[in-house]
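Contents: one structure, followed by commentary.
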Ligand code: HEM
């Protein structure tokens with residue numbers, strides 16, 4: 001049971017970061033709301049009926065999907081660990097330096113997506129939130145294996161489709177109804193200019209659990 005609770009905690013933490021980036025990027029939020037209006041009806045109260053009638057409609061929310069993926073690129077809590085294997089070396093492609101993964105026993109090898117996602121060799125302006133990276137031709141230009149919030153290979157996250165769906169549904173049902181305003185204090189510590197930064201490990205959500213002020217949103221007055 002505890003495994004499931006923790007698994008959903010990664011989705012919950014990722015949703016908190018989504019609300020944070022949407023609050024700090026109003027143009028993205030506006031476009032997201034427009035997509036929801038186009039696909040799920042002008043009245044936010046209609047959205048759940050539309051989704052129930054045609055659940056696959058969520059897969060057609062391409063901008064919503066791009067926003068979620070970009071938020072997961074910047075704020076990814078999960079990672080993985082692998083065991084070293086005798087005779088299996090890691091090789092630094094820049095200088096061919098070899099790093100054995102097994103010497104008198106296996107080394108634990110930790111793979112963290114966070115530094116990979118923030119590496120300028122993998123993404124231009126890596127600290128900038130830009131959902132365009134996941135749209136149209138930009139997708140095909142993405143460096144192989146540079147994007148890995150759910151990890152890669154035979155042990156990658158089996159819950160990735162479920163969590164993507166949960167995030168699409170939650171955004172579709174909340175973002176037009178509520179305005180979540182982040183309220184970090186002026187002297188809140190920042191990492192890389194970001195008060196929400198937290199040590200990206202396990203299901204850590206934003207710093208201080210994301211302090212927010214929630215109000216009803218009047219979409220027409222955005
Ligand atoms: C945004 C949400 C999530 C993220 C970022 C995430 C990420 C990850 C990552 C990076 C791994 C390690 C994969 C590896 O070792 O190669 C993993 C494993 C796993 N995830 Fe997720 N996950 C999320 C949500 C979920 C959900 C909702 C479930 C199930 C309901 C789930 C179930 C699992 C399981 C069972 C494993 C272990 C797989 C194995 O060891 O073979 N995850 N996840």
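The values are calculated or read from the model by the stated rules, or taken from the named source; none is laboratory data. Because the structure is a prediction, the values reported are computed rather than measured. FYI the Cβ positions are ideal-geometry reconstructions off the backbone, even for glycines, and counts take in every protein chain you see.
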Of all helices (runs of 4 or more DSSP H) fully inside segment 1-89, the set with 3 or more residues that are assigned by TED's automatic domain parsing to the domain that holds residue 212 and within 12 Å of the ligand (Cβ to nearest atom) is 2-24, 62-74
Return the only residue of 174, 101 being over 29 Å from residue 196 (Cβ atoms) and surrounded by 15 or more Cβ atoms within 10 Å (Cβ to Cβ).
-> 101
Taking the stated definitions as given, is residue 93 surrounded by fewer than 15 Cβ atoms within 10 Å (Cβ to Cβ), more than 23 Å from the chain's Cα centre (by Cα), more than 17 Å from residue 171 (Cβ to Cβ) and within 16 Å of the ligand (Cβ to nearest atom)?
-> no
Picking from 152, 181, which residue would you name as being more than 15 Å from the ligand (Cβ to nearest atom) and surrounded by fewer than 15 Cβ atoms within 10 Å (Cβ to Cβ)?
-> 181
From the list 161, 132, pick out the single residue that is exposed (fewer than 14 other Cβ atoms within 10 Å of the Cβ), within 16 Å of the ligand (Cβ to nearest atom) and at pLDDT 95 or above.
-> 161
Provide a single number: the residues in segment 120-151 that are in contact (Cβ under 8 Å) with a residue 40 or more places away in the chain and under 20 Å from residue 77 (Cβ atoms).
-> 10
Given the structure, is residue 107 closer than 19 Å to residue 152 by Cα and in contact with a strand residue (DSSP E or B) (Cβ under 9 Å, 6 or more places away or on another chain)?
-> no
What about residue 127, is it in the same structural domain as residue 18 (by TED's automatic domain parsing), exposed (fewer than 14 other Cβ atoms within 10 Å of the Cβ), more than 16 Å from the ligand (Cβ to nearest atom) and not in a strand (DSSP E or B)?
-> yes
